[in-house]
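What follows is a single structure, written as structure tokens, with notes after it.
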Amino acid sequence: MLFLGMVAGAAAAENATATQTILTVATDNAGPRTRATLTAHVSGDLGSPSGVVNFRSGQTDLGSALLDSEGKASLQTDLLPAGSDAVVAIYQGEAANLTSTSRPELVQARVSTAAGFTVAAAPTSLSTAVGGFVSSNVTITPVNGFNAYVSLSCNGLPINTTCTFSPTNVQATCTTSAGGAQTCTPGTSVMQIETQTPSPNPTASNADAGMQRYAFVLPALFGLVGLGVRKRRAWRNLALGMLAFAGLMGMTACSERYNYLNHGPPNNPGTPIGSFTITVEASSSTGSETTTPPTQPQITLVVTAAKT
């Protein structure tokens with residue numbers, strides 16, 4: 001049986017067609033490091049192959065990307081070390097197409113002298129039950145004399161989920177001494193992601209609504225009774241007790257407001273259960289120019305069912 005499997009595998013390999021992979025590289029130095037855009041074009045005798053392309057520089061794995069319908073895969077990276085780097089694209093192949101490797105492309109990566117900053121978050125994997133919240137520390141590190149405020153925001157949040165930063169605008173500063181030595185001080189912010197539980201069921205909402213009506217009707221009724229008997233001392237004490245009872249009813253009716261603030265409007269489904277990728281977006285603007293980091297950190301948020 002093993003021999004037959006080997007024969008079948010060899011036959012499948014013989015039926016697979018050859019492919020050709022061509023790599024093109026574009027670079028820019030807009031941030032503190034050279035940013036390279038790597039694009040692989042894979043072609044075969046049967047048209048545009050599908051599958052995965054890996055990008056490597058020596059022993060460094062730069063990342064991978066899926067081929068689109070035109071046989072093209074792109075990756076943007078700032079992982080290239082300063083100096084000359086030989087980058088290749090490796091098509092992994094599939095059942096109908098053989099693997100292929102591009103010719104090495106020489107990339108000259110250098111550290112940019114432009115002022116900028118990098119952003120990092122820790123931890124990058126967060127988990128909470130529905131209705132809970134989690135936090136991550138965000139660090140803004142200035143480079144090359146950067147000295148400004150950086151604004152933070154979230155992208156990719158699931159519905160009925162909020163993201164707040166404390167502070168939202170972070171100052172990152174580089175200072176130069178009289179002797180020319182530069183000292184850069186990172187800025188930090190705490191990011192909090194808060195999920196929301198579903199709104200109460202309609203039966204509970206109707207009960208709360210009924211309680212709320214009593215909270216308004218009963219105080220008015222007892223107030224009228226109190227006015228009618230206020231000249232009689234014995235009845236006055238009774239009226240005061242009735243008013244205190246009405247006040248207690250009013251306090252329980254406030255649960256309607258509590259439900260709205262914590263569960264949202266009626267029929268709100270709450271935060272969905274699942275895994276989500278949230279991007280921490282950072283930028284600094286002087287009005288005429290906007291500075292962004294070479295990469296924006298991504299955080300994996302796992303939302304689980306609430307414990308019963």
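FYI, it's all coordinate maths here, none of it is from the lab. Computed from a predicted structure; not experimentally measured. Neighbour counts are summed over all protein chains in view; Cβ atoms, including those assigned to glycine, are modelled from backbone coordinates with ideal geometry.
Note on A306 and S177: their simple-model spin labels are 5.6 nm apart, each label 7 Å out from Cα toward Cβ.
Taking a ≥ b ≥ c as the square roots of the Cα gyration tensor eigenvalues, segment 111-153 comes out prolate, since a/c reaches at least 1.5 and a/b is larger than b/c. Modelled spin labels at D28 and E281, positioned 7 Å past Cα toward Cβ, are 1.7 nm from each other. Under 5 Å from the amide H of Q171 lie the amide H atoms of V150, each residue being 5 or more positions distant or on a separate chain, with H modelled from the backbone and absent for Pro and chain starts. Can you pull the percent of Cα pairs in segment 16-160 with separation above 21 Å? Looking at segment 16-160, the distances longer than 21 Å represent 58 percent of pairs. What the pair-distance distribution of segment 79-205 shows, using all Cα-Cα distances binned every 5 Å from zero, is 2, 8, 12, 11, 10, 11, 10, 11, 10, 7, 3, 2, 1, 1, 0 percent.
For segment 55-123, which trypsin sites (Lys or Arg not before Pro) are in a loop by DSSP, counting at most 16 other Cβ atoms within 10 Å? Answer by residue number: R110. Karplus-based coupling profile of segment 56-64, in residue order and whole Hz: 9, 10, x, 9, 9, 7, 7, x, 9, with θ = phi - 60° in 6.51 cos²θ - 1.76 cosθ + 1.60 and x standing for Gly or Pro.
Ordering I90, I140, T124 by Cα displacement along the dipole of segment 38-157 toward the positive end leaves I140 in first place; charges were set at the Cβ atoms of Lys, Arg (+1) and Asp, Glu (-1).
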